[in-house]
1. Could you give the distance between the Cα centres of the range 296-367 and the range 65-79, to the whole Å?
2. Tabulate in residue order the Karplus-calculated ³J(HN,Hα) for the range 89-101, using 6.51 cos²θ - 1.76 cosθ + 1.60 with θ = phi - 60°, rounded to whole Hz; enter x for Gly and Pro.
3. May I ask you to derive the FRET efficiency for residue 308 and residue 244 from their Cβ-Cβ distance with R0 = 25 Å, giving the value to the nearest 0.05?
4. Given the convex hull over the Cα atoms of the range 313-371, what projected area results after averaging over all orientations, in nm²?
5. For residue 115 and residue 134 in the same chain, what is the full-extension length gain: residue separation times 0.36 nm, less their Cα-Cα distance, in nm?
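Every number in this text was worked out from the coordinates using simple rules, so none of it is lab data. Source: prediction; values computed, not measured. Using ideal geometry, Cβ is built from the backbone for each residue, glycine included, and neighbour counts are taken over all protein chains shown.
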Amino acid sequence: MSTGNGADSAPGHTPTTTTGRPTRPTRSTGKNNSMFSSLKIRNYRLFFMGQAVSNTGTWMQRIAQDWLVLSLTGSASAVGITIALQFLPMMVFGLYGGVLADRLPKRPLLLVTQTLMGLTGVALAALTLAGHVQVWHVYAAAFLLGLVTVVDNPARQTFVSEMVGKGQLANAVSLNSANFQSARLVGPAVAGVLITAVGSGWAFLLNGLSFAAPVAGLLLMRTRELRPVETQPRAKGQLREGLRYVAGRPELIWPIVLVGFIGTFGFNFPIWLSAFVSDVFHGDAGTYGLFNTLIAAGSLAGALLAARRGHSRLRLLVAAALLFSALEVVTAFAPGFWLFAALLVPIGMFGLTVNVTANASVQMATDPEMRGRVMALYMMVFTGGTPIGAPVVGWVTDTYGARIGMAAGGLVSLAAAAAVALILSRVGNLRLSVSRNGVTFVPSPRGRELVTAA
């Protein structure tokens, strides 16, 4: 995405450390030359491998958690409450997590947060395996995990640029998503087998133990090859400063607004899929795992395509959002099992394209010293809206059925995507330009500079 004043200060290569000593050069400078180019960097490779293990455990726990709550209560609304409690801390405290991410060194901070997340999984496993688990225990574990995520998420998002630099940032963000979605292919399948064979407790235990991998990766990194951003001293008004920074830049605020609506109303798949499995198709945990795997397959394809592109464009974000939302509505009324299942693949692909494109665009248009707060705001609206959307969508699904619940979420997302597309054409008096190079928004002579690359 080509922007106005904000793009000139996008995250770039930092030639010195905070102590003034030159950093050791790595192969991350320059343009992307392959789909996996950022994996040439040793520190990022260690990070990537550690996340691959813990992401698989995370998806196992997600499936086990949703199915356990559904088994204990028989209610899609209860699944929605669990999801809401997990993301409520992000909605309430998300910006403060961004302030901490800007103030503290990222690597030591991540060592703490990843360890705490592992302990949460082990505690839930102990309760479940002992046969004492109750639904409020799952609620409490979800809330505690959400509290840790408030700090972990912006720190982990912004740490990527410290490992790879500007030249590989878009590629690394895309590969992170590919990593997450690859784990989504394996995790639900393994969780389905474990739940059927021995129960949910073992899935929780394996998730807790999986966090040893990212902790080991962080400890093995060569700190001299990092590109640390100078931490911000404690000062008054840092939260308001971050909000003002975003509010004054359309290249930041409109992607954030769009992913906020889609994250709140369009990404409630645990509620919809569990309801389709139990009420429409009368399946079991294996069917639920299959549906999640199909969405993950599409998401992985979307992430790899984004990694190959190596850049982010605002028009791609809007187009993907429109297609994702329309597909949700169509899929909600799919008459047969296999047609419904097949449509989950493109839903995953376009949904992932929305997330990756918005994430990379926002990071690349943000000054390094503001990145923690900006990404905290991004994650706050993307995942922090879930405490609002999940109970509402869960109630609609319980009251009117799985098909109406999913269609309603898709329609809200579709309306938001269409509205943002129209607003972008008017921000700064933008006009639509059609040429041999593509369709773009360009500023009119008196307009504000906000141009999306062709």
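1. The range 296-367 and the range 65-79 have Cα centres separated by 27 Å.
2. Using θ = phi - 60°, the values come out as x, 5, 5, 7, 10, x, 5, 5, x, x, 4, 5, 5 Hz.
3. Details: r = 36 Å, r/R0 = 1.44.
About 0.10, to the nearest 0.05.
4. On the way: hull surface 17.1 nm².
The directionally averaged projection comes out at 4.3 nm².
5. Working: separation 19, 0.36 × 19 = 6.84 nm, distance 2.45 nm.
Result: 4.4 nm gained on full extension.
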